[in-house]
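Worksheet: the structure to be examined is printed underneath.
The values are calculated or read from the model by the stated rules, or taken from the named source; none is laboratory data. Quick caveat, the model's predicted, so the values are computed rather than measured. Backbone-built Cβ (ideal geometry, glycine too); neighbour counts: all protein chains shown.
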Amino acid sequence: MEIMTKRFFKDYVQAIVPYEPGKPIEEVERELELLHVTKLASNENPLGPSRKALRAMRVALRKVHLYPDGSGHELKERLSQEFHLPADQFVLGNGSNEIIELLARGFLNEGDRVISSETSFLVYPLIAQTCGASFVPVPMKDFRYDLKGILDQVDERTRLIFIANPNNPTGTYVKVAEVEDFLSKVPKDVIVCFDEAYIDFVEAKDFPYLLFHVKANKPNVVLLRTFSKSFGLAGLRIGYGMASREMAAYLNKVRQPFNVNRIAQIGACAALDDRHFLWRSKRLISRGRLYLYRKFTQMGLPFVSSEANFVLVDLGREARKVSEALMKRGVIVRAMNAYGLPTHIRVTIGTRFELMRFVHALKRALKKEL
């Protein structure tokens, strides 16, 4: 029966290695019989959601028996006010990940090509593979996207280019001048998607804010944002894309009619109104990055300066073993073997207590590994 079933499978789908998310806190506590675990592996917001969002979602639970607004009207109108962009230029998704999937569903055929960096979000190659497209990973330069290298790989089969800015897992970014030069040279029939999940944590003065391209209805530029990071709504899975009217309308044709649930839409609207919470999130991340920089420097560990809510650090030894040792001490981080960085871990910025606990555990784990 199993052999017969496999006859129906697509070879390129069969070859996919599924994305492996970090272990949830509950699973680690259960497996290792720990009472308290600190998770610094999935780039979540340690503050949780805002109180305004929680209040709005509690009220919304009374109507959870009803289908959500399939058009996402209220949230789109609120986003329109936020960005001074017409509501029909937004696409809502079950996390910004779904917008990536919509782009693939809408534009990729077997034999097409998708280009990104070889050390970037692992969903990009997975999405390409599910459509039978080939993924072209361009090596980074100093942990940064090589936009010239990406341009050199563009050919007549190229349909999509993904640029995570800031990038996950390095926390680096591409600069204004680099991006403008890049966009002036990319063929008009190639879609460039800028994944800006971590944009709220950026402090760099030369970071490119590309919304004006969307406001000008540039047809091949798509921007992705999420409520998972700075707004602390990762568990709701809600994100959005901004694009030209024609692009947004096209992507809405390939999305599911009720793809974003009622609670997520209402929580997101309320979160946008809580400016103080967003300020607190930014402040916590900014201070947390500086704290880790200082501690890594004291420990003699090379790290990559980040514009996101995590820091990539080189332990100089097998990262998986160190991360396992940290887990036994109640701290979860992400080893970067899947990204081709076997000696690196990525550490999410937590509260000061969580970071102090991580540093203490890391020192003990490294001492044991010596």
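Observations on the structure shown:
- Being over 20 Å from Q256 (Cβ atoms), acidic (D, E) and in contact (Cβ under 8 Å) with a residue 60 or more places away in the chain holds for only one residue in E74, E82, and it is E82.
Yes/no per residue for (1) assigned by TED's automatic domain parsing to the domain that holds A41; (2) under 19 Å from the mean Cα position of the chain (by Cα); (3) within 23 Å of Y209 (Cα to Cα):
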residue: S228; (1), (2), (3): no, yes, yes
residue: A234; (1), (2), (3): no, yes, no
residue: G239; (1), (2), (3): no, yes, yes
residue: Y250; (1), (2), (3): no, no, no
residue: I263; (1), (2), (3): no, no, no
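Each row is one residue, and each column tells you yes or no for (1) of a type in the set (A, V, I, L, M); (2) over 25 Å from I349 (Cα atoms); (3) buried (at least 24 other Cβ atoms within 10 Å of the Cβ); (4) modelled with pLDDT under 95.
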site	(1), (2), (3), (4)
L210	yes, yes, no, no
V221	yes, yes, no, no
L224	yes, no, yes, no
F231	no, no, yes, no
A234	yes, no, no, no
I238	yes, no, yes, no
A243	yes, yes, yes, no
E246	no, yes, no, no
A249	yes, yes, no, no
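- Just so you know, in region 1-43 the residues that are touching a strand residue (DSSP E or B) at 6+ places or on another chain (Cβ under 7 Å) and modelled with pLDDT under 75 include one that is farthest from P125 (Cα to Cα), and it is V28.
- Every residue from region 271-287 that is of a type outside the set (S, T, Y), surrounded by fewer than 23 Cβ atoms within 10 Å (Cβ to Cβ) and part of a helix (DSSP H, G or I): L272, D273, R275, H276, F277, L278, W279, R280, K282, R283, L284, R287
- Scanning region 128-158 for residues that are touching a Leu at 6+ places or on another chain (Cβ under 6 Å) and modelled with pLDDT of 95 or more yields one hit, A133.
- Any hit, region 142-156, residues being buried (at least 17 other Cβ atoms within 10 Å of the Cβ), in the same structural domain as L223 (by TED's automatic domain parsing), β-branched (V, I, T) and touching a residue at least 24 places away in the same chain (Cβ under 8 Å): yes
- Selection of region 338-363 for residues being in a helix (DSSP H, G or I) and modelled with pLDDT of 95 or more yields R352, F353, E354, L355, M356, R357, F358, V359, H360, A361, L362, K363.
- The set of residues in region 290-310 that are touching a strand residue (DSSP E or B) at 6+ places or on another chain (Cβ under 6 Å), over 17 Å from M140 (Cα atoms) and in contact (Cβ under 8 Å) with a residue 24 or more places away in the chain comprises L292, F310.
- Note on region 71-156: enclosed helices (runs of 4 or more DSSP H) holding 1 or more residues that are in contact with a Pro (Cβ under 9 Å, 6 or more places away or on another chain) are 73-83, 123-130, 147-153.
- Every condition in (1) surrounded by 14 or more Cβ atoms within 10 Å (Cβ to Cβ); (2) assigned to a helix (DSSP H, G or I); (3) of a type in the set (S, T, N, Q) holds for S306 except the one numbered (2).
- Condition check for Q256: in contact with a Leu (Cβ under 6 Å, 6 or more places away or on another chain), of a type in the set (S, T, N, Q) and in the same structural domain as V59 (by TED's automatic domain parsing): no
- Every pair of residues 6+ apart whose Cβ atoms lie under 7 Å, when the first sits in region 110-122 and is within 20 Å of L341 (Cα to Cα) while the second is in a strand (DSSP E or B) and among the acidic types (D, E): F121/D195
- Matching entry among H36, H84 (being surrounded by fewer than 14 Cβ atoms within 10 Å (Cβ to Cβ), within 24 Å of N217 (Cβ to Cβ) and not aromatic (F, W, Y)): H84
- Index of the failed condition, A216 passing every other in (1) of a type in the set (A, V, I, L, M); (2) touching a helix residue (DSSP H, G or I) at 6+ places or on another chain (Cβ under 7 Å); (3) without any contact (Cβ under 8 Å) to a residue 12 or more places away in the chain: (2)
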